[in-house]
Amino acid sequence: MQFHKAWLWVAAGGVVALVFVSVAVPEPAFRALLSVLAVVPLLYVTVRVALGSERQVAHERRRYTKLRNVTDEFIMHVRNLNRITVIAKGESPPEDAKGMIDDIVERMHKLVDRMRDAAGQESIVIPEEKEA
C-alpha cells in the first residue's frame, strides 16, 4: 500500500465533521453516534499509515546498508579531521599533525571512491539461527 495525499483530505474531512457534529448537534446521544462516525476516517488513515507505507519505507532503508556503512566511516573521519585540526591550531600542536591530517584526507578520498561502488548494493542479510 502506498500513502497518497488523498488520505490527508479524508483525515481533514473527519476532523471537520467532528467539529461540526460537536457544535451543531444538540442531542447528546445523537452527537455521540455522529462523533464516532466522524472519527472512523481518522482511525482508518492512522492504521493505513502505520501498517502500510511507513513500514515499507523503513524496510527499504534497511536493505541498502553498504553505502550507509561507508558513509558512517566517512563521517568518523570528518570528526577526526576536525579534532586534529583544532589540536593543530592550539598552543602546543603535535609535530606530526600535518601528516595526520594528510593521512585522514587520503583515507577520505579512498572512501569517496568506495561510495560509488557501494551505492545501490543490497547487503546480504544472514538470518540468525534460533537456539533450541
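For segment 64-96, name all the residues that are in a loop (DSSP other than H, G, I, E, B) and either under 18 Å from the mean Cα position of the chain (by Cα) or under 13 Å from Leu111 (Cβ atoms) (or both).
Tyr64, Thr65
Of Leu51, Leu43, Leu34, which residue is at pLDDT 75 or above and either among the hydroxyl-bearing types (Ser, Thr, Tyr) or under 33 Å from the mean Cα position of the chain (by Cα) (or both)?
The conditions single out Leu43.
The values are calculated or read from the model by the stated rules, or taken from the named source; none is laboratory data. All values reported here derive from a predicted model rather than from experimental measurement. Note that we place each Cβ from the backbone using ideal geometry, even for glycine, and neighbour counts take in every protein chain shown.
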